[in-house]
Amino acid sequence: MMTRSPQGRTNRLTRPSIAVAAAVAVTAGVVAAAPDAKTAEPTPKLSLIAASTSVTLDSWKDDPGVYLDLGTYLTSENGAFELKVTRKSYKDPVVATQVLRNGKKTTTKALPAGLVKDFSGLPGFAQVSVTDAAGKTVLKQTEAFCPNNASGRIRPDAPANSKYPQSCPVNPFTLGSVWGVENGWASNTYAGYYAKPVQLAAGTYTAKISVTKKYRDLFGIANKPQTVKVTVRERSWEEEEGSGSAAPRSAKSAAGTQGHTGHTGHGGHEGHQQAADAPAASAHAAHGAPARPEAPAARTTGAAPTFNVGHGPYPPAPPALPWALKKKSLQRQAFSAAKVGDRPGQTDGSRQAPAAEPNAKRPTGKATVPDVPKPDLRSLPAYGITVSDGYEDVPGKDYLAFSANVWNAGPAKLVVDGFRSPGKELMDAYQYFYDAKGKQVGYTPTGTMEWDPRPGHEHWHFTDFASYRLLKADKKESVRSGKEAFCLANTDAVDYTVKNANWHPDNTDLSTACGQENSISVREVLDVGSGDTYTQDLPGQSFDITGLPNGTYYIQVLANPENRLKETNHKNNSALRKVVLGGKKGARTVKVPAHDLVNAN
């Protein structure tokens with residue numbers, strides 16, 4: 001689950017805290033009989049099942065702890081299990097509603113107030129107790145459940161694809177989400193990285209998993225606990241490497257391989273991390289972190305490599321991690337979960353989305369801006385706010401680093417194509433417009449795209465998409481301004497309840513969205529409901545606060561600063577986040593008060 005910093009907490013990042021660990025959620029291979037249509041109930045029938053009666057879990061000597069992926073699933077029959085989770089504003093609490101569909105009829109049922117506090121899942125859903133070989137209870141805990149977890153069909157006549165998103169967002173400024181288990185599908189109840197590893201010695205155990213009473217009563221789930229035999233085995237990287245087996249690579253070897261690719265992180269786009277065994281992992285490293293080693297937990301079935309992170313089974317990249325620390329970590333071990341600040345979430349954590357194809361040729365004819373739906377770009381308040389000192393790269397400097405997100409509230413997606421004239425360094429960029437049937441009906445010039453050759457970037461950036469300013473206490477005078485061009489990618493599910501939100505967006509990672517140095521054209525898309533998180537942590541991006549006096553300031557995230565992009569509303573492009581600077585030169589601090597009800601730094 002997300003960790004929230006208390007109001008007024010001092011956030012200063014001094015060194016990375018690395019925890020290399022992962023666990024892979026799986027799909028069920030259980031087949032159940034289809035319900036009789038004549039006796040089917042109008043509401044979904046939910047059941048807890050276990051994919052296997054026994055599992056083997058690994059405890060690694062270098063990173064002790066066992067991740068309790070016990071292979072239990074929540075099934076949904078007689079209809080899909082669907083929840084709509086929203087908040088009106090950051091001053092309002094999160095509310096959840098069950099959506100019941102019966103043919104063309106749709107009804108809703110409000111869940112109890114306060115049951116759901118954020119967008120990462122149903123808290124306290126599963127009860128897990130573990131006993132040792134002697135029958136002594138050695139563990140008892142509850143875990144949250146994200147209905148959008150890794151899932152699979154449980155009967156052959158179920159829909160071939162689930163319509164629901166593939167993760168639960170944990171960006172602290174998420175506004176709306178949709179959770180669901182498709183009819184005839186099952187979703188893994190394991191909380192993944194939202195659950196801490198447990199300490200279990202090598203040996204045999206019995207795990208009992210059940211749905212807690214409040215959820216059984218709320219959703220009509222039968223009280224049928226599942227029992228799973230658990231074998232814990234202790235392993236080490238050294239032994240696996242010495243045996244020559246196809247075991248997970250060590251963090252050291254993964255980092256060494258990654259360090260020679262030149263792709264040590266895509267300049268701060270956070271959370272885009274790949275498993276080391278993923279295709280082209282060395283060619284497209286993590287955004288804000290190098291590729292991590294394969295999960296040190298036994299891979300079971302069904303889960304594809306993770307390309308964007310922020311939800312189970314893999315953690316996100318730490319927000320606002322200074323570039324100096326990233327480089328140091330390359331020499332030590334691959335990133336997993338630096339325990340810094342909150343865990344902003346990204347869309348689609350279980351697949352690599354295909355790239356959206358640009359038009360083959362630059363547009364011809366007269367540029368027009370037709371009267372059709374257009375995107376609505378909005379900024380989220382800054383988060384992941386920390387202070388760093390520049391380290392060996394820029395000694396004697398203090399920097400204020402942060403994460404920024406610009407999202408598209410719709411009702412139309414933002415589509416920008418870049419076209420390169422032979423021999424020219426810049427691409428000419430054009431925004432495209434579409435009618436209700438998806439037919440292109442117009443275009444307009446909208447600036448340029450530039451190739452960024454810096455290590456960790458090495459992709460095409462769209463200029464003038466957003467800017468970042470540090471304002472004085474009066475919120476008017478700017479004392480620092482950072483303007484950063486960058487590639488667009490649908491990294492975060494900000495609000496999937498808005499009109500025309502796409503629950504399965506393409507271009508969710510920069511390895512597919514940003515092109516290569518020799519590209520002749522590039523298409524960058526920001527889909528409806530999704531946002532693009534970018535971590536401002538490099539010199540030139542983060543704010544140099546070395547000479548600023550202590551006191552109150554505001555970080556301004558400003559979308560479409562030159563109004564070059566055509567959108568439905570230009571009045572909601574700015575978001576402010578209050579910060580209080582303190583300390584002395586070389587040891588500056590920052591306190592980040594809560595933003596209304598969102599108490600995340």
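The values are calculated or read from the model by the stated rules, or taken from the named source; none is laboratory data. Being a predicted model, the structure only gives us computed values, none of them experimental. Because the Cβ atoms are built from the backbone with ideal geometry, glycine has one as well, and the counts that use them run over all protein chains shown. The area values use the complete protein model at the heavy-atom level, side chains included, leaving out ligands, DNA and RNA. Shrake-Rupley method; radii C 1.70, N 1.55, O 1.52, S 1.80 Å.
If you go through segment 567-586 one residue at a time, do you hit one that is buried (at least 17 other Cβ atoms within 10 Å of the Cβ), among the aliphatic types (A, V, I, L, M) and modelled with pLDDT under 95? No, that holds for no residue.
Give segment 362-395 a look and list any residue that's among the hydrophobic types (A, V, I, L, M, F, W, C) and either within 18 Å of Asp435 (Cβ to Cβ) or open to solvent by less than 30 Å² (accessible area, probe 1.4 Å) (or both), or say none.
Within segment 362-395, Ala367, Val369, Val372, Leu377, Leu380, Ala382, Ile385, Val387 qualify.
Residue check: Gln98 meets all listed conditions (1) part of a strand (DSSP E or B); (2) open to solvent by less than 20 Å² (accessible area, probe 1.4 Å); (3) closer than 30 Å to Arg235 by Cβ but one, namely (3).
Among residues of segment 587-601 being part of a strand (DSSP E or B) and among the β-branched types (Val, Ile, Thr), the one that is most open to solvent (accessible area, probe 1.4 Å) is Thr589. Every condition in (1) modelled with pLDDT under 85; (2) closer than 18 Å to Ala404 by Cα holds for Ala513 except the one numbered (2). The set of residues from segment 396-418 being assigned to a strand (DSSP E or B) and either open to solvent by 10 Å² or more (accessible area, probe 1.4 Å) or polar (S, T, N, Q) (or both) comprises Tyr399, Ser403, Asn405, Asn408.
When restricted to residues that are charged (D, E, K, R) and at positive phi, segment 564-597 contains 1.
Checked against (1) under 26 Å from Lys208 (Cβ atoms); (2) more than 22 Å from the chain's Cα centre (by Cα); (3) touching a residue at least 24 places away in the same chain (Cβ under 8 Å), Asp92 meets all criteria but (1). Looking at segment 474-486, is at least one residue under 24 Å from the mean Cα position of the chain (by Cα), surrounded by fewer than 22 Cβ atoms within 10 Å (Cβ to Cβ) and aliphatic (A, V, I, L, M)? Yes, segment 474-486 contains a residue that is under 24 Å from the mean Cα position of the chain (by Cα), surrounded by fewer than 22 Cβ atoms within 10 Å (Cβ to Cβ) and aliphatic (A, V, I, L, M).
Mind checking whether some residue in segment 103-115 is within 30 Å of Pro381 (Cα to Cα) and open to solvent by less than 20 Å² (accessible area, probe 1.4 Å)?
yes
The strands (runs of 3 or more DSSP E) falling completely within segment 46-86 that include 2 or more residues that are in contact (Cβ under 8 Å) with a residue 12 or more places away in the chain and open to solvent by 20 Å² or more (accessible area, probe 1.4 Å) map to 54-60, 81-86. Scanning segment 466-500 for residues that are part of a loop (DSSP other than H, G, I, E, B), at pLDDT 90 or above and within 27 Å of Thr448 (Cα to Cα) yields a single hit, Val494. Summed over segment 540-557, residues that are open to solvent by 30 Å² or more (accessible area, probe 1.4 Å) and closer than 27 Å to Thr446 by Cα total 1.
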